[in-house]
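The values are calculated or read from the model by the stated rules, or taken from the named source; none is laboratory data. This structure is a prediction, so every number in the text was calculated from the model and none was measured. All Cβ positions, glycine included, derive from the backbone under ideal geometry; neighbour counts span all protein chains shown. What goes into the accessible areas is simple: the full protein's heavy atoms, side chains included, and nothing from ligands, DNA or RNA. Shrake-Rupley method; radii C 1.70, N 1.55, O 1.52, S 1.80 Å.
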Amino acid sequence: MSEVTRTVIVRSAPLPRRTFRIFVELEGMYRNMVEQLVLYAVNNNKTKFTRLKAEKYREVRSLYPQLPSHYAYTACQDAAERAHSFLRMKKMGKARKPYPEVRNVSIWLDDHLWRAEGLTSISMATHKGRVRVSIELNKHYLRYVNRGWKLASEARVKLDRRDRRLVLYLTFRKEVSEYKPKGYVTVDVNENAEAVLIDGVVYLFETDLSRVTLGYYYRRKRVQERYDKVYGPGSRPARRVFRRLSNNERVLKREIRWKLATLIVREAAKRQAAIVLERLGREPANHMIERIKDPQLRHRIYQAAFKGMQRAIEEKAREYGVPVIYVNPSNTSKICPIHGAKILYGKDRHGVCSKGGETWHRDVAACYNLLLRALGGDGGPAPSRQRALIPVDGGPVPLGPTAAHEPAPIARGAWARWRSLGATSEHKLMRVST
Ligand SMILES: [Zn+2]
């Protein structure tokens, strides 16, 4: 049994000026409390909430006697966390200022300070009494409500001054237990695609993750050259463009990873199968990205394409109760899953088994070898022919020794619209896309 939490953002309806002013005042008081607490916490190295509360609660509480007392309490939690992360950054030499700035404030709420009133409104305790605010339902929010997630008592709220709205960050929780797997779905993560073995078919889902990383890298470089010529190095306009580009890059990558992870995990859950992943090393030692000289860029590609992809699958798997198994990744694409002999590769991703003479696509061989290692349970590098015939999901592993082992490639534009697999034929593809 494990607990999964997710944050969901909902917005209130636009508020009347008078009501919104109450929240602006509230935010001002809360910010002031947090500022004072953070200063004290950093000066005295008190980053534990309990210590900070023990020493400062009374004082900040008396600052604003008209405010519900629990704001002083949550301000202590907020400040302790800010102080903690600031001191950690400072230790790493990454803090730019001697004291942390309290720039963005979101007001932390606990069960005394807010409650949901039905689905469409909440009430918040303020210095002017309880204020009821109606919220705008969105798809995301309803999905969590309808799927048995529980709304947690802690929440955060930010003010959207331009639209006079509240932005609520709600926390949903769910208890999930892992099932006992009846089969395996193996996943071989590459820099630009992900090979997935489901029911004897290897699907090659294109992600283009390293292409996205490289694309943005070069765009940033071009921007830098152009702006440096005009404004000098490290100028403010250049930084602004950089920020926007980085943000776009992050959002796009996250969407790709999240969507594909959801697709794979759902298929595994449908079959009550475990997901088999390569055990990744700590360093980007992967031969596919070794040719990239810039270590920072190499690191970013590794993070996005390998680590990030795995992490997305792990997180989604936890939500669906899908077990995840890790196996030794060494030589997974170099050895024939049928004969245990070396596969000799030419220039592209196709190779020939040195014993049986059959052709292998690199990712297909990798997927089957991952499966064999999961079945063998030892994670060892030498699967035997015998193990290749162990039935999975009731049927034998379909490894014809003379067949060409080709994956079914699926472009990102196609799978990104899918809710489930099985839409691989032209006919179904068209139906899905219309
Ligand atoms: Zn072979």
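General observations
- Rounded to the nearest 20, the size of the Cβ-charge dipole of the chain about its Cα centre is 1880 debye, with Lys and Arg at +1 and Asp and Glu at -1.
- Each label point was placed 7 Å from the Cα along the Cα-to-Cβ direction; for Thr359 and Tyr231 their separation is 5.3 nm.
- Of all segments of the chain bounded by GluC sites (Glu not before Pro) found in a DSSP loop with no more than 11 other C-beta atoms within 10 Å, the longest spans 102-289.
- Between the residues Leu277, Phe23, Ile338, the greatest Cα displacement towards the positive end of the dipole of the chain, with unit charges on the Cβ of Lys, Arg, Asp and Glu, is found for Phe23.
- Computed over protein heavy atoms with a 1.4 Å probe, the accessible surface of the chain works out to 54 Å² per residue.
- Where no second cysteine Cβ lies under 4.7 Å, the cysteines concerned in the chain: Cys76, Cys367
- The distance between label points at Lys180 and Leu151 comes to 3.9 nm (points 7 Å beyond Cα on the Cα→Cβ vector).
- Antiparallel content of DSSP bridges confined to segment 20-135, in %, to 5: 90 percent
- Partner lysines for Lys150 [C-alpha distance under 19 Å; skip if fewer than 8 residues away on the same chain]: Lys139, Lys174, Lys316
- Shown for the chain: the carbon plus sulfur share of the solvent-accessible area, taken with all protein chains present and a 1.4 angstrom probe, equals 50%.
- Cβ charges +1 (Lys, Arg) and -1 (Asp, Glu), total dipole of segment 167-223, debye: 460 debye
- Percentage of interatomic Cα-Cα distances in segment 253-360 larger than 18 Å: 62 percent
- Mean-position separation - Cα centroids, segment 86-107 and segment 143-181, in angstrom: 27 Å
- Residues of type aspartates and glutamates that Lys53 reaches as a straight line, Cα spacing below 16 Å, ignoring anything fewer than 8 places off in the same chain: Glu35, Asp78, Glu81, Asp110
- Summarising the label geometry, the points placed 7 Å from Cα in the beta-carbon direction at Glu314 and Arg243 lie 3.1 nm from one another.
- Added length on full extension, which subtracts the Cα-Cα distance from 0.36 nm per residue, Val251 to Glu101: 51.4 nm
- Comparing Arg143, Arg156, Arg412 in a Gaussian network model of the chain (Cα springs below 10 Å), the most mobile by mean-square fluctuation is Arg143.
- Gain in span if fully extended, Leu119 to Glu59, counting 0.36 nm per residue against the direct Cα distance: 17.9 nm
- Each of Trp149, Gly215, Gln310 was scored by the projection of its Cα onto the charge dipole of the chain, and the greatest displacement toward the positive side belongs to Gly215; charges sit on the C-beta of Lys, Arg, Asp and Glu.
- Segment 147-203: translational diffusion in µm²/s, Stokes-Einstein, Kirkwood Rh over Cα pairs, 20 °C, 1.002 mPa s: 133 µm²/s
- In this Cβ point-charge picture (+1 for Lys and Arg, -1 for Asp and Glu), segment 151-257 has a dipole of about 1140 debye about its Cα centre.
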